[in-house]
1. Can you name the condition, by its number, that Arg75 falls short on among (1) in contact with an Asp or Glu (Cβ under 9 Å, 6 or more places away or on another chain); (2) under 30 Å from Arg158 (Cβ atoms); (3) at pLDDT below 95?
2. Taking Arg95 as the residue in question, decide whether it is under 19 Å from Lys25 (Cβ atoms) and among the basic types (Lys, Arg).
3. Please pick out the residue among Gly45, Gly59, Gly12 that is modelled with pLDDT of 90 or more and surrounded by 12 or more Cβ atoms within 10 Å (Cβ to Cβ).
4. Considering only the range 93-124, how many residues are surrounded by 14 or more Cβ atoms within 10 Å (Cβ to Cβ) and of a type in the set (Gly, Ala, Ser)?
Amino acid sequence: MSDFEVILEYSGNVTFALIDRMLDKLIEVPAFKKIRRNIQKKLYGIFVECIENIYKNTGNGLDYFSKDKKPSYIRVGKQNGKFFISSGNIIANKRIKSLKNRIDMINDLDHEGLKSAYADILGKETLTVEEGAGLGLITIALRSGNKIKYNFTHLDDRHSYYEMKIDVPNATSGFY
């Protein structure tokens, strides 16, 4: 039987103003306050990256998708002794290939490779606004010490639903 606990969950449109409110809410949740400080830091950092990804993937919070499509969500929880953060949002189909390639490349790197990729991106003089610098996914992998699990579900000719899950071990060890 699975031991499952939701610490914080949100479903709906993600706006810039909501991001700050969600971050404040996370640190005030009684269940979050009970977590060891080092794990709190990892969860908080990964939560920031995930909610910012939702914001970017959904047109910077613009609700331009029809109401019959799945809403964005973000969840922090604990299952079978491990913490996790999962998220989901609509994404333009034209962005899937590059995002999938990016996640697969990150998942293929070890800790040193992730640190090197992070440094390489910081050393670049120009960063694309639409795709972002790409530091977020690397940061997620570094902080969690785990591979990024993901899935794309086709919705229509222009959109798919992108879901991601990051496991964060409940231990004092970790990379970040």
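The values are calculated or read from the model by the stated rules, or taken from the named source; none is laboratory data. This one's a predicted model, so the numbers in the text were calculated from it and none came from an experiment. Cβ placement follows ideal geometry from the backbone for every residue including glycine, while neighbour counts extend to all protein chains displayed.
1. Of (1) in contact with an Asp or Glu (Cβ under 9 Å, 6 or more places away or on another chain); (2) under 30 Å from Arg158 (Cβ atoms); (3) at pLDDT below 95, only one is false for Arg75: (3).
2. On the way: under 19 Å from Lys25 (Cβ atoms): no; among the basic types (Lys, Arg): yes.
No.
3. Details: Gly59 fails: modelled with pLDDT of 90 or more; Gly12 fails: surrounded by 12 or more Cβ atoms within 10 Å (Cβ to Cβ).
Going through Gly45, Gly59, Gly12 in turn, the sole match is Gly45.
4. 2
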